[in-house]
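To start, the structure itself, in structure tokens.
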Amino acid sequence: MTEPNTTPTPHDLDEALRQLVLARVSAINGKVLARLATVSDDLDAGGHRAALGGLDGLERQIETMRSLLLLLS
């Protein structure tokens, strides 16, 4: 009797990494959407300064999402 091969195959590792990347992108996406909803509420209430604060840093989060998704290309 031979022992089962417990070493993950490269395909399994690639798929695991892909799932981790997609999970991270999904988490960032949720945060971005929540912030945009808050910005929308601020704008509806006439709070342009609050909306500006809510937009601060969104570019960085979007760029992080873009970079992570490029890893899958």
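We did not get these values from a lab; they are worked out from the coordinates using the rules stated. It should be emphasised that the depicted structure is a prediction, and the values quoted were computed from it without experimental measurement. Here the Cβ is made from the backbone with ideal geometry for all residues, glycine too, and neighbour counts use every protein chain on show.
Brief remarks on what is shown
- On Cα atoms only, tilt of 58-71 relative to the major axis of the chain in degrees: 20
- Each principal axis of the Cα cloud of region 13-71 was evaluated for its coordinate range; sorted largest first, these ranges are 49, 15, 10 Å.
- Trypsin sites (Lys or Arg not before Pro) within region 19-53, DSSP loop, no more than 12 other Cβ atoms inside 10 Å: none
- Rel. contact order, % - alpha carbon contacts under 8 angstrom, at least six apart, region 1-69: 35
- Under the Karplus curve 6.51 cos²θ - 1.76 cosθ + 1.60, θ = phi - 60°, whole-Hz ³J(HN,Hα) for region 27-40, x wherever Gly or Pro sits: 5, 5, 4, x, 5, 4, 5, 5, 5, 5, 5, 5, 4, 4
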